[in-house]
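Peer 1: I have a structure I would like to understand better, so I am pasting it below and will then ask my questions one at a time.
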C-alpha cells in the first residue's frame, strides 16, 4: 500500500511578507514622556535664570543635571510673560501636557539669522501644572517681515495626541494683526483663539482648548 505524502503535509502558512496581510498601521499615541529632561529646569525662561519650565514634584532636585538656562547676556527687548491654561473638550485642565515655543527676537530675526540677537535663543519648553497652566518668560517678538504681525509659534504635546498640535500666539492690539497672512486665513469668528490678551505688567494670556466650542485653531504640518 502506498501513501501519498502530500496528503499529510500541513496546510501551507501564509508568508508574513504576503501583500495580502498588509494594511494600515495602527495609530499610536505620543509618549509616554519621561519627565527627566523633558522639560528641563529653566527651559521656560528665555531671558533669565529662573527655574521655570519643569515641575519639581515630578523632577527631584537631585536630577537637575541640565540645570538652569544659561544665557550669554541680556537679550534686547521688552520682557514679557506668556501664560494660560491647556483645556480639554469639557473645559477641564490638562495637567500633563508639554508646550514648546519658537519665536523671533525683538528685531524680528530668528536665532542664527544675520543680525539676530546673540543672547536670545528663541526656543522654550514648559510642562503644564496640575491646573493645566503654563508659563514662559521671554521677549516681545518683532515682526519677521513687512505684512507680518509679531507672533510666537506654539506646539502642544500630550497624552492621546498622535502628533504635536501646532498653532500661533498673536498679541492683541499689535500693528499688523489685520494684515498678517496667517491670521487673515483664519475665520474671523475663530481668530480670538490665537490672540493673547494683556493683563498688565507685561503678562499676556492665552488659553489653549484642545477641543470643544472654543477649540484653538491648529495648523496642518
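Peer 1: Just a yes or no: is a residue in the range 78-86 assigned to a loop (DSSP other than H, G, I, E, B) and at pLDDT 95 or above?
Peer 2: Within the range 78-86 (the criterion being assigned to a loop (DSSP other than H, G, I, E, B) and at pLDDT 95 or above), the answer is yes, since at least one residue qualifies.
Peer 1: Considering only the range 177-211, how many residues are in a loop (DSSP other than H, G, I, E, B), over 20 Å from the mean Cα position of the chain (by Cα) and either surrounded by fewer than 17 Cβ atoms within 10 Å (Cβ to Cβ) or free of Cβ contacts under 8 Å to residues at least 24 places away in the same chain (or both)? Break it down stepwise before answering.
Peer 2: First, the residues of the range 177-211 that are in a loop (DSSP other than H, G, I, E, B): 177-180, 185-187, 199-202, 206-207, 210-211.
Subsequent filtering for residues that are over 20 Å from the mean Cα position of the chain (by Cα) retains 177-180, 185, 187, 199-202.
Going one step further and asking which of them are either surrounded by fewer than 17 Cβ atoms within 10 Å (Cβ to Cβ) or free of Cβ contacts under 8 Å to residues at least 24 places away in the same chain (or both), we end up with 178-179, 185, 187, 199-202.
Matching residues across the range 177-211 total 8.
Peer 1: Something else about it: If you scan the range 93-126, which residues turn out to be over 13 Å from the mean Cα position of the chain (by Cα), within 19 Å of residue 155 (Cα to Cα) and not in a strand (DSSP E or B)?
Peer 2: 94, 95, 104, 105, 110, 111, 121, 122
Peer 1: Take the residues in the range 118-132 that are in contact with a strand residue (DSSP E or B) (Cβ under 8 Å, 6 or more places away or on another chain) and crowded, with 16+ Cβ neighbours inside 10 Å; name whichever of them is nearest to residue 77 (Cα to Cα).
Peer 2: Step by step, filter the range 118-132, then rank; the result is 120.
Peer 1: Taking the condition of being without any contact (Cβ under 8 Å) to a residue 60 or more places away in the chain, part of a loop (DSSP other than H, G, I, E, B) and buried (at least 18 other Cβ atoms within 10 Å of the Cβ), how many residues in the range 149-173 meet it?
Peer 2: Going residue by residue through the range 149-173, those that are without any contact (Cβ under 8 Å) to a residue 60 or more places away in the chain are 149-151, 153-155, 165-168, 170-173.
Pick out the ones that are also part of a loop (DSSP other than H, G, I, E, B) and you get 149-150, 172-173.
Within this subset, residues satisfying the condition of being buried (at least 18 other Cβ atoms within 10 Å of the Cβ) are 149-150.
The number of residues fulfilling the criteria is 2.
The values are calculated or read from the model by the stated rules, or taken from the named source; none is laboratory data. Please read all numbers here as calculations on a predicted model, not as lab measurements. Using ideal geometry, Cβ is built from the backbone for each residue, glycine included, and neighbour counts are taken over all protein chains shown.
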